[in-house]
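What follows is calculated from the coordinates using simple rules that are stated; it is not laboratory data. Note that the structure is predicted; figures quoted are calculated from it, not measured. Positions of Cβ are backbone-derived with ideal geometry, glycine not excepted, and every protein chain shown enters the neighbour counts.
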Amino acid sequence: MLHAVPTQPARFMERYVLEAVPRYTSYPPATRFHDGVGAANWSVWMDEQPERPVLSLYVHIPFCKTMCWYCGCNTTVPNRDERVARYLDALDREIRTRPAPENGIVHHIHFGGGSPDMLSPERFHRIMDAFRDRFEIADEAEIAVELDPRGVTEDLAEALAAAGVTRASLGVQDLSPEVQTLIHRIQPAETVARAAMRLRRAGILAINMDIMYGLPAQTVERVEATARAVADMGADRVSVFGYAHVPWFKKHQRAIPEDRLPGASERFDQMHAAAACLKDAGYAAIGFDHFARPEDSLARAARAGELRRNFQGYTDDPYDVLIGYGASSISESRQGYLQNLTDPAHYAQALENGTPVQVRGLERTPTECETGERIARLLCDFEVEPGPDGFDAEALADVIADGLVVLRPDRLIVTPAGRPYVRNIAARIDPAFQATVNQHSQAV
């Protein structure tokens with residue numbers, strides 16, 4: 001007899017919240033990348049692609065006008081424009097020379113950072129021209145760009161639209177003046193609303209907004225206020241991310257007052273408060289940290305069982321090959337992953353010297369591909385069928401006992417109480433997982 005899936009809401013469970021688990025934006029996780037895989041592997045992999053592969057392009061712009069103290073991205077504040085110009089010359093060279101499937105068609109381009117609004121209209125057009133010279137880009141391709149709302153001028157919005165941009169993602173984080181002061185990012189709600197208005201008026205109608213919890217001086221009330229504000233601004237998608245405090249890795253985070261950071265249970269309450277506000281505003285929950293309007297393509301993909309997960313989080317991008325350009329970018333194909341040099345100056349120097357910029361990665365085995373697909377389905381659909389050897393009931397014993405999952409003969413189902421802990425659950429169907437604080441992030 002099959003048991004019904006329990007419907008109890010999620011509750012704070014410290015042992016899972018504090019457990020260090022992979023983010024599972026790749027499988028195997030990026031912590032297992034090594035320097036034994038490089039550019040030569042990529043050339044072979046590109047020759048092994050299907051006749052007409054779907055391509056996705058990512059380009060990293062590792063520059064910002066100012067440094068936000070919470071930031072965990074690979075970015076820097078350039079003290080001379082020559083640094084940016086040199087980097088863009090190198091980026092152009094990589095786009096035009098790096099091996100790629102000759103008959104591929106691009107369905108998605110994403111500009112990340114850093115802050116791509118650092119680029120002048122002319123420089124943005126230069127990158128798009130290089131892509132158009134090199135690749136066939138589908139008429140319906142989505143071209144998305146991450147933006148700092150403070151940098152969205154009318155001229156920039158019009159230039160992005162003229163270059164073909166169809167979606168913009170605005171970093172909001174929190175709208176409380178006190179929180180903004182403590183994270184060194186002053187941007188009133190009016191600044192965000194004005195940026196969204198300028199983008200829509202230019203013809204970029206799809207707007208994403210990112211908010212955060214776990215920042216210094218944040219409270220449930222402040223997170224709720226920010227969530228309601230982005231909903232009122234008409235965001236099509238909202239990502240809700242937890243702040244990761246790693247000052248030993250990101251030195252600028254040392255400016256964050258640690259005695260003002262919320263504790264684990266407070267973070268959990270803030271996360272749930274944001275989710276509740278967005279659901280009340282009509283958003284569909286996508287995975288464990290994304291929300292989308294029901295008519296948005298991400299929500300449609302989730303309903304159709306076509307949601308995917310990669311280094312940018314949840315996506316409806318249907319690629320066979322993801323090619324990452326620029327410093328620290330990660331590329332993906334069914335054969336494996338490769339990452340570029342992370343330092344922008346070293347990246348530029350390598351391209352000037354004609355030496356490879358892809359310096360570390362991982363070649364996947366068939367078994368790893370199968371495990372990765374099962375983990376992806378669990379993270380996207382909250383249920384998964386067993387692998388060839390079935391489920392390891394012993395590894396799942398604690399999450400079963402705590403009501404986070406229901407184990408049936410034909411599938412593993414995450415309960416509503418287990419959804420905030422789906423990464424913990426994924427780790428228990430990952431045969432290679434080893435919980436180490438130094439390698440993985442806190443689960444919530």
Determine, for Arg23, Arg423, Arg80, the number of other Cβ atoms within 10 Å of each Cβ, and report the residues in order from fewest to most. Arg80, Arg23, Arg423
Could you work out how much longer the chain between Met197 and Ala397 gets when fully extended? Use 0.36 nm per residue separation minus the Cα distance between them, nm to one decimal. 66.9 nm
Within the chain, what's the longest stretch lacking GluC sites (Glu not before Pro) that sit in DSSP loops with no more than 15 other Cβ atoms inside 10 Å? 103-294
Would you mind ranking Ser56, Ser239 so that the residue whose beta carbon has the fewest other beta carbons within 10 Å leads the list? Ser239, Ser56
In Å, what Kirkwood hydrodynamic radius results for the range 313-360 from the alpha-carbon pair distances? 11.6
Only Lys, Arg (+1) and Asp, Glu (-1) charged, at Cβ; the range 1-135 dipole about Cα centre in debye: 340
Suppose a student asked you for the relative contact order of the chain, using Cα pairs under 8 Å spaced at least 6 residues apart; what percent would you report? 24
Starting from the Kirkwood Rh over alpha-carbon pairs, what translational D in µm² s⁻¹ does the range 366-442 have by Stokes-Einstein at 37 °C and 0.692 mPa s? 259
If you average 1/r across every pair of different Cα atoms in the range 30-363 and take the reciprocal, what Kirkwood value do you get, in Å? 20.6
Can you tell me what the convex hull of the Cα atoms of the range 125-171 projects to on average, as an area in nm²? 3.4
Dividing the alpha-carbon radius of gyration of the range 208-337 by 2.2 N^0.38 Å, where N counts its residues, gives 1.20
Treating the beta-carbon of each Lys and Arg as +1 and of each Asp and Glu as -1, no other charges, what is the dipole magnitude of the chain about its Cα centre, to the nearest 20 debye? 780
Quotient of C-alpha Rg and 2.2 N^0.38 Å, computed over the range 217-288: 1.23
Post the alpha-carbon centroid distance, the range 57-83 to the range 126-162, in whole angstrom. 18
Antiparallel DSSP beta bridges within the range 30-363, percent to nearest 5: 35
Rounded to the nearest 500, what is the chain's calculated 222 nm mean residue ellipticity when only DSSP H runs of at least 4 contribute -39500 (n - 2.57) each, over all residues? -10000 deg cm²/dmol
Candidates Pro53, Pro149, Pro344; GNM for the chain (alpha-carbon contacts under 10 Å) flags as most fluctuating Pro53
How would Thr75, Thr97, Thr226 line up from fewest to most surrounding beta-carbon atoms within 10 angstrom? Thr97, Thr75, Thr226
Please check: in the Gaussian network model of the chain (C-alpha springs, under 10 Å), which one of Val422, Val246, Val37 has the largest mean-square fluctuation. Val246
Alpha-carbon centroids, the range 213-286 and the range 288-367: separation in whole Å: 25
